[in-house]
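These notes are about the structure you will find just below.
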Amino acid sequence: MDGILDTAPAAEGVSGPCMVDPVTKCAIFGIAQVVGEIRGGTVLVHGPKGCAFPAFEATHLSQVRFNYSEMCEKTVIFGGETLLREKLWETYHDNDTLLMGVISTCSSEIIGDDIEGVIASAGLPVPVLKFEGAGFKRTHRQAIDNAMAVLLKRFLRAREGSDGSINLLCHVGAHSRWKDDCVELAALLRRFGRPVRPLFLDNDLSDLAAAAAADLTVLASPDVGDEAARVLKRKAKIPYIAPPPPIGLERTADWLMAVAGALGDPLSRDEVDALADASRRRFWTGLGRVSSQRPFEHLRTARIAVVAEPAAAEAYAHLLTRELEGTPSLVIFKTTTPDDPEERALADKLPATSRVVVTGDNARIEAELRAACPDILLGSDLDFIKHQGAGRVAYVGVSYPSTRRVYLNPRSYWGFDGALNFVEDLFNAVTDAHG
Amino acid sequence: MTPAIEERMGLFSELVEAVEADLVRIREGLDMHQFCAYWGAHEIFGYIDGAVCVVHGTSGCMSNRRFLLPFGGADKCHLEPQYTTAFSEHDVIFGGERKLAEAIALVQERHNPKLIAVITNCCADIIGDDVGGVVRGMEKDGQRIVWLHTGGFTGKSYRKGTEEAFNALARLMAEAPPKQVVPGTINLFPRRWVWGENQQREAAEGIRMLEKLGLKVNSILRKGIPYEEFLDLRTAEANVSQCFFWSMELFEQMSRHFGTKQIKASNPVGLTSSLAWMEATARTMGIDYDFDNDPEVAELKELRERVRARVGRGRKAVVWTQTGEKLVGLVKFARDLGLDPVAVGVDPAIVRDKMGMFRKELNDGFDVPLYLSSYVEEIKGFVDSLDDPVVICNEDYFPGRVVFRHRYNGQQTYGLEGARSMYGEFLHALDNRRSRYSFLREAV
């Protein structure tokens, strides 16, 4: 790994870097997104008004309803339990609630409010669960994992046998088109002739209960859902796999082979390669309509930067290098856990000529992009907007948020069809930016 | 009107007085403009080029600042470094003072800014980190460091954080070497929640109105104002704002320290309010301006008459917008057009938060009938109970009705040009009821 870690050793008695412009968001954001994927899911943020904002942001991609407990100085000193009880009922009545998540915040965690006690004494006629939302404990990504596990621990029923299904554990909130990806992955999984149950994508609570009947759990992305997958394994004895995300033709073929292997399905490499070839044929047929392939030629010499969470960044770099012959000159892993061995292993898989930066700091990302001055940028809208002044850049959004281009119909970049969508968008972005 | 609707009717003044007397059991609403105090303070320090703001606390709070990006919006503040000391559990237990000292040193090394502002969030405030003790003595030559407690748990709102930041900045102005006030000059404070081309338009119109009166604009408080220019706001004879209430704390402090005149007229929305804004400015600056002989004013009066004639007499307007300046501004705009406004969706929690502003408006003679509800279905029922009203709102839930949907941050609003633009849009709204198939109508 020719990587540059962003972590100068922390001074004694100091935890983590002393200052960052964070790439991650508050835990409340992650939890609200997960609860929002359960129909009738409502969250009550037990904290001050500012803490309602991450829940508000979650409404961008999910249907979550939210409220907050109006915590103020008085409640911090004397406790906010009475207020919380009232707010529980108010929130329940206002929102057609079928599931209530009470999210603690930094303030309520520090003062030690007995949220579970209040939930028990409130006696709401729907399930009410506490989620730890203190930002000093978890990032939004860690909170997504934890919230999924909390829900499964509560609602997964005892296994009474197999229905032959596959659980697809969705990568909630991983980027702005994660739902489209999961629809695409579910379609890929149906090739095995089994029922597929996407988990945490527009579920009823009964879906979580029924997940115990599956034969296999597949993580849509290896960096989201590990804790939940372990709950499924522990409580229902369901094995799980977390293959690299199916970004590009090769990785999609690999992904299908990994699933086939785990299911004991006789799918052969030749069969999945035939599917990849079908996509390549569509690519060439489609190109026949345009007079020039220069955008693809441009990739070979362009300065390309990829900025995303490690699993996605590595996968897009792989796609670019192996399938479009454009090796990124800069790959930035956005992470708060740069010492994670799995993330380091991903960095080792990147092309030797790529500069690899591992950081949780947007300021560092900005500096790296300014220095690299890419012609093509795969990243988030923030990366793009910040870099916009530095010169013309072809931008494709692959990290959260990427909403500068609106897709009203599902449009995944994952799987065989998704790879074509990605290639289309990349082609068009290069044409728009560079002629 | 049904008895159920009549039961919920009242006057705005009655609500304000009841809130003032603590007679209303107030539940905080979810008005998403009511951010935390740290947010309001961060926004103000973010105006100043040459200032770096560090939030002492968790990183989650800081990343909330960029919530607009996923919704397709971006302002200059989203692109500035948004530094936080990123509290972990370890810091909550053992304190984060050392981290803060290192963060300040890092800011000095990386940016060497003229001003460092340290603001806190809940964690640092609850555990009682001695922020003042940490920053004391860390200032370098030619640099100032200010700090504020802005944790949201205090109940302090965005507005309070804004005011505290302005207060801190006014102290810096007062401590700077004295400068002469230049007579006949004025600072313009445009509205804050406006960006892009519209921000430029609104600022340009503010300047044009002041220059029409023969005044020289000293400075415009804008995002990206250099630190020295901010300090030099004190060289102006007066301050005027398109939204007085967000800037009033700085106005007050500058009046106290430097005798800067305050023009308290606000919201130049529509011709009547725009002329009132200009007249108040002229009066304060001792200028005699003949508005009756201004051809532009005459032309706008003519245009307004066309709108009034088209509206008809005694027609109701239902005004549904954020509880605040915009509500007051649009109620006055409705009256400017001869409409009979009723405000809906008023949030008592925000009335409490903005009491100073509403009290001033009532003292100045403002009042409006209220229908007390914030629920879409109820407000639709209220609209249906009226005879062909005009609905003035942010979101259009009213198929088949005349709806004037106006957003301050995207459409020109202020001053004479704003009036011209709004009258034109209003005429269009009167003649073009939105199709039930319009994508731009809200989906419920």
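The values are calculated or read from the model by the stated rules, or taken from the named source; none is laboratory data. Only a predicted model underlies this, so the values are computations on that prediction, with no experimental measurement involved. A quick note on method: Cβ atoms are made from the backbone with ideal geometry, for glycine too, and the neighbour counts reach across all protein chains shown.
Within the range B:180-195, does at least one residue satisfy the condition of being assigned to a helix (DSSP H, G or I) and of a type in the set (D, E, K, R)? Please lay out each step first, then the result.
Here is the first cut: in the range B:180-195, the ones assigned to a helix (DSSP H, G or I) are none.
No; the residues of the range B:180-195 include none that is assigned to a helix (DSSP H, G or I) and of a type in the set (D, E, K, R).
Which one is surrounded by the fewest Cβ atoms within 10 Å (Cβ to Cβ) among residues in the range A:61-80 that are over 30 Å from A:THR403 (Cα atoms) and of a type in the set (S, T, N, Q)?
We begin by selecting, within the range A:61-80, every residue over 30 Å from A:THR403 (Cα atoms); these are A:69-80.
Now drop any that are not of a type in the set (S, T, N, Q), which leaves A:69, A:75.
On the way: A:SER69: 33, A:THR75: 24.
Looking at the filtered set, the residue picked out is A:THR75.
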- Here are some conditions: (1) surrounded by fewer than 18 Cβ atoms within 10 Å (Cβ to Cβ); (2) at pLDDT 95 or above; (3) touching a Phe, Trp or Tyr at 6+ places or on another chain (Cβ under 8 Å). B:ARG8 meets all but one. Which one does it not meet? (2)
- Item | Lone unmet requirement of (1) within 13 Å of another protein chain (Cβ to nearest Cβ); (2) in contact with a strand residue (DSSP E or B) (Cβ under 8 Å, 6 or more places away or on another chain); (3) at pLDDT 90 or above; (4) part of a helix (DSSP H, G or I) for B:CYS61 | (3)
- Message: Consider the range A:122-137. How many of its residues are assigned to a loop (DSSP other than H, G, I, E, B) and closer than 19 Å to A:THR91 by Cβ?
- Response: 7
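Here's the yes/no breakdown for (1) of a type outside the set (Asp, Glu); (2) in the same structural domain as B:GLU302 (by TED's automatic domain parsing); (3) in a helix (DSSP H, G or I):
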position	(1), (2), (3)
B:ARG222	yes, no, no
B:ASN239	yes, no, no
B:PHE245	yes, no, yes
B:GLU252	no, no, yes
B:SER255	yes, no, yes
B:ARG283	yes, no, yes
B:GLY286	yes, no, no
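Count, please, the residues in the range A:189-220 that happen to be more than 16 Å from A:LYS233 (Cβ to Cβ), part of a loop (DSSP other than H, G, I, E, B) and more than 17 Å from the chain's Cα centre (by Cα).
Our first condition is that a residue be more than 16 Å from A:LYS233 (Cβ to Cβ); within the range A:189-220, this holds for A:189-196, A:198, A:200-207, A:209-210, A:220.
Going one step further and asking which of them are part of a loop (DSSP other than H, G, I, E, B), we end up with A:191-195, A:200-202, A:204, A:220.
From what is left, the residues that are more than 17 Å from the chain's Cα centre (by Cα) are A:191-195, A:204.
The qualifying residues number 6.
In the list A:THR337, A:THR327, A:THR353, which residue meets the criterion of being surrounded by fewer than 24 Cβ atoms within 10 Å (Cβ to Cβ), part of a loop (DSSP other than H, G, I, E, B) and within 14 Å of chain B (Cβ to nearest Cβ)? Write out each step before concluding.
Values: A:THR327 fails: within 14 Å of chain B (Cβ to nearest Cβ); A:THR353 fails: within 14 Å of chain B (Cβ to nearest Cβ).
When all the criteria are applied, what remains is A:THR337.
Could you list, in sequence order, the residues of the range B:257-281 that are among the charged types (D, E, K, R) and in a loop (DSSP other than H, G, I, E, B)? Break it down stepwise before answering.
Of the residues in the range B:257-281, the ones among the charged types (D, E, K, R) are B:261, B:264, B:279.
If the condition is that a residue be among the charged types (D, E, K, R) and in a loop (DSSP other than H, G, I, E, B), then B:LYS264 is the only one that fits.
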- Item | Filtered residues of the range A:61-91 (kept if over 24 Å from A:GLY123 (Cβ atoms), at the interface with chain B (Cβ under 9 Å from one of its Cβ atoms) and within 26 Å of the chain's Cα centre (by Cα)) | A:LEU61
- Task: Could you please find all residues in the range B:268-318 being in contact (Cβ under 8 Å) with a residue 60 or more places away in the chain and of a type in the set (Lys, Arg)?
- Result: B:ARG304, B:ARG306, B:ARG310, B:ARG315, B:LYS316
- Query: What are the residue pairs meeting all of these: first residue in the range A:133-158, first residue over 17 Å from A:PRO198 (Cα atoms) and within 14 Å of chain B (Cβ to nearest Cβ), second residue basic (Lys, Arg) and outside any helix (DSSP H, G or I), Cβ atoms under 6 Å, and 6 or more apart or on different chains?
  - Reply: A:HIS140/A:LYS25
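Would you tally the residues in the range A:286-319 being assigned to a helix (DSSP H, G or I), of a type in the set (A, V, I, L, M) and at pLDDT below 95?
Residues of the range A:286-319 that are assigned to a helix (DSSP H, G or I), as a first pass: A:286-287, A:294-301, A:310-319.
Pick out the ones that are also of a type in the set (A, V, I, L, M) and you get A:287, A:299, A:311-313, A:315, A:317, A:319.
Filter once more, so that each one left must be at pLDDT below 95: A:287, A:299.
Residues meeting the conditions: 2.
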- Message: Just to be sure before I move on: is B:VAL92 surrounded by fewer than 24 Cβ atoms within 10 Å (Cβ to Cβ), out of contact with any helix residue (DSSP H, G or I) (no Cβ under 6 Å at 6 or more places or on another chain) and β-branched (Val, Ile, Thr) in the structure I sent?
- Response: no
- Item | Pairs where the first residue, in the range B:430-444, is assigned by TED's automatic domain parsing to the domain that holds B:TYR397 and more than 11 Å from B:ARG401 (Cα to Cα) and the second is surrounded by 11 or more Cβ atoms within 10 Å (Cβ to Cβ) and of a type outside the set (Gly, Ala, Ser), C-beta under 7 Å, 6+ apart | none
- Message: Which count do you get for residues in the range A:386-425 that are within 14 Å of chain B (Cβ to nearest Cβ), assigned to a helix (DSSP H, G or I) and in contact (Cβ under 8 Å) with a residue 12 or more places away in the chain?
- Response: 3
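Go over the candidates A:LEU61, A:LEU44 one by one and state the one that is farther than 26 Å from B:LEU106 by Cβ, at pLDDT 95 or above and outside any helix (DSSP H, G or I). Break it down stepwise before answering.
Values: A:LEU61 fails: at pLDDT 95 or above.
On inspection, the qualifying residue turns out to be A:LEU44.
Report, by residue number, each residue of the range A:397-413 that is buried (at least 21 other Cβ atoms within 10 Å of the Cβ) and either within 18 Å of A:LYS334 (Cβ to Cβ) or modelled with pLDDT under 90 (or both). Give the steps one after another, and end with the answer.
Our first condition is that a residue be buried (at least 21 other Cβ atoms within 10 Å of the Cβ); within the range A:397-413, this holds for A:397-402, A:412-413.
Result: A:GLY397, A:VAL398, A:SER399, A:TYR400, A:PRO401, A:SER402, A:TYR413.
Go through the range A:223-255 residue by residue and tally those that are touching a residue at least 40 places away in the same chain (Cβ under 8 Å) and over 20 Å from the mean Cα position of the chain (by Cα).
Our first condition is that a residue be touching a residue at least 40 places away in the same chain (Cβ under 8 Å); within the range A:223-255, this holds for A:223-232, A:235-238, A:240, A:244-252, A:255.
Pick out the ones that are also over 20 Å from the mean Cα position of the chain (by Cα) and you get A:235-238, A:249-250.
Count: 6.
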- Only one of B:ASP129, B:ASP91, B:ASP141 is within 11 Å of another protein chain (Cβ to nearest Cβ), farther than 30 Å from B:ARG191 by Cα and modelled with pLDDT of 90 or more, namely B:ASP91
- Hey, A:CYS72 hits all of (1) farther than 26 Å from A:ASP383 by Cβ; (2) of a type outside the set (Lys, Arg); (3) modelled with pLDDT of 90 or more but one; which does it fall short on? (3)
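Report the residue count in the range A:164-173 for those that are outside any loop (DSSP other than H, G, I, E, B) and either of a type in the set (S, T, N, Q) or modelled with pLDDT under 95 (or both). If you could, list the steps in order and put the result at the bottom.
Going residue by residue through the range A:164-173, those that are outside any loop (DSSP other than H, G, I, E, B) are A:166-169.
Among the residues that remain, those that are also either of a type in the set (S, T, N, Q) or modelled with pLDDT under 95 (or both) are: A:167.
Result for the range A:164-173: 1.
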- When only residues in the range B:66-78 that are at the interface with chain A (Cβ under 7 Å from one of its Cβ atoms) and surrounded by 17 or more Cβ atoms within 10 Å (Cβ to Cβ) count, which is modelled with the highest pLDDT? B:ARG66
- Query: On the given criteria, is B:ASN187 in contact with a helix residue (DSSP H, G or I) (Cβ under 6 Å, 6 or more places away or on another chain) and polar (S, T, N, Q)?
  - Reply: yes
- Pull up the range A:29-60, narrow it to residues that are within 22 Å of A:SER380 (Cβ to Cβ) and within 7 Å of chain B (Cβ to nearest Cβ), then point me to the one that is surrounded by the most Cβ atoms within 10 Å (Cβ to Cβ). A:PRO54
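Each row is one residue, and each column tells you yes or no for (1) modelled with pLDDT under 95; (2) touching a strand residue (DSSP E or B) at 6+ places or on another chain (Cβ under 8 Å); (3) crowded, with 19+ Cβ neighbours inside 10 Å.
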{"residue": "A:ILE144", "(1), (2), (3)": "no, no, yes"}
{"residue": "A:ALA147", "(1), (2), (3)": "no, yes, yes"}
{"residue": "A:LEU151", "(1), (2), (3)": "no, yes, yes"}
{"residue": "A:SER162", "(1), (2), (3)": "no, no, no"}
{"residue": "A:HIS175", "(1), (2), (3)": "yes, yes, yes"}
{"residue": "A:TRP178", "(1), (2), (3)": "no, no, yes"}
